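J.: Handing you this structure, nothing more for now.
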Amino acid sequence: MRPDCQDNKEDKSMAQNPEKTTVDPAEVEKFNALAALWWDAKGPFWPLHRLNILRIDYIKSKLCHHYGRDVAAIAPLSGLKVLDIGCGGGILSESMAALGAEVKGIDVVERNIEIARAHCDSQPFEVEYQCIRAEDIEQSGEQYDVVLNMEVVEHVADLSLFMRSANQLVREGGVHFIATINRNPLAWIVAIIGAEYILRWLPKGTHQYSKLVKPEELHSLLAADQLEIRDEVGVQVNPFNKQMAIVPFTGVNYMLYATK
């Protein structure tokens, strides 16, 4: 087990020497239990596989516009340094690498990183994976053309600390993408009660209502580090055919991107 990953020894050490961290041990345990299933498109992560098709088109389009790239090129993101925070099993990281980007995926769950590395070994591109926290990467002074924060902010222990670290990882002129779930009664009904307990699209307990994030909260945290919102869209799921689409309504699932 790498020393920069979450484990029982770290839990004990942190208890004796309290330190601010973005890592929630309960979230680590939750995703560790599911790690082997990341690449099962019909398993518990099927929504992410469906969502990935939608979000990669969105990300590619916005990055090509921002950096003046040809969206129809074989490798339109060639040369761009990308950091995928909370990369899980590497679903999005691999998609970005396939578009030519130089990708680093980080996650605090060691098993996720093992799965991501193993899957990438059979691909015609490379992704660098590391089990490390965003705040530790920030302290190293690294910066990226693109930072991806997709379906992560609703799982961290300290949102302000996490966003401050993530924002600092965006270089001047760079882009920060975020996708998450809104916090309001409708989002609770649709994303938690509906998706987890009625339709059972996700394991029960995947999301906690109190940790969901309102768009205006992200707006404030981005503005604090001089990042400007460029676009914000909603993501809608058809409960009958499970198809996903980008919509103007941001009351439940939403994505945004900001530039520094």
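The values are calculated or read from the model by the stated rules, or taken from the named source; none is laboratory data. Computed from a predicted structure; not experimentally measured. All Cβ positions, even for glycine, are placed from backbone atoms using ideal geometry, and neighbour counts span all protein chains on display.
J.: Return the residues of region 43-53 that are assigned to a helix (DSSP H, G or I) and surrounded by fewer than 17 Cβ atoms within 10 Å (Cβ to Cβ); say none if nothing qualifies.
T.: The answer is TRP46, HIS49, ARG50, ILE53.
J.: Kindly indicate which of THR259, THR250 is in contact (Cβ under 8 Å) with a residue 12 or more places away in the chain, in contact with a Pro (Cβ under 7 Å, 6 or more places away or on another chain) and either more than 23 Å from PHE45 (Cβ to Cβ) or of a type in the set (Asp, Glu) (or both).
T.: Step by step, each of THR259, THR250 is checked, and only THR250 is in contact (Cβ under 8 Å) with a residue 12 or more places away in the chain, in contact with a Pro (Cβ under 7 Å, 6 or more places away or on another chain) and either more than 23 Å from PHE45 (Cβ to Cβ) or of a type in the set (Asp, Glu) (or both).
J.: Just checking, which of GLY173, GLY141 is farther than 27 Å from LYS242 by Cβ, out of contact with any helix residue (DSSP H, G or I) (no Cβ under 7 Å at 6 or more places or on another chain) and modelled with pLDDT under 95? Lay out the reasoning, then the answer.
T.: Numbers: GLY173 fails: modelled with pLDDT under 95.
Exactly one residue qualifies, and that residue is GLY141.
J.: Among residues belonging to region 107-146 that are under 15 Å from VAL28 (Cα atoms) and touching a Cys at 6+ places or on another chain (Cβ under 6 Å), point out the one that is surrounded by the most Cβ atoms within 10 Å (Cβ to Cβ).
T.: Taking the candidates together, the pick is ASP107.
J.: Next question, about the same structure. Just to check your reading of the model, which residue among VAL28, VAL71 is modelled with pLDDT of 85 or more and of a type in the set (Val, Ile, Thr)?
T.: From the options VAL28, VAL71, the qualifying one is VAL71.
J.: Further question: Using the structure shown, decide if MET163 is assigned to a strand (DSSP E or B) and touching a residue at least 12 places away in the same chain (Cβ under 8 Å).
T.: The answer is no for MET163.
J.: Just to check your reading of the model, which residue among LEU34, LEU83, LEU63 is of a type outside the set (Phe, Trp, Tyr), at pLDDT 90 or above and either closer than 16 Å to ALA116 by Cβ or in contact with a Phe, Trp or Tyr (Cβ under 8 Å, 6 or more places away or on another chain) (or both)? Steps first, answer last, please.
T.: Values: LEU34 fails: at pLDDT 90 or above; LEU63 fails: either closer than 16 Å to ALA116 by Cβ or in contact with a Phe, Trp or Tyr (Cβ under 8 Å, 6 or more places away or on another chain) (or both).
Within the list LEU34, LEU83, LEU63, the selection yields LEU83.
J.: Being aliphatic (A, V, I, L, M) and closer than 22 Å to ILE56 by Cβ is the filter; apply it to region 176-208 and report the residue that is modelled with the lowest pLDDT.
T.: Here the answer is LEU202.
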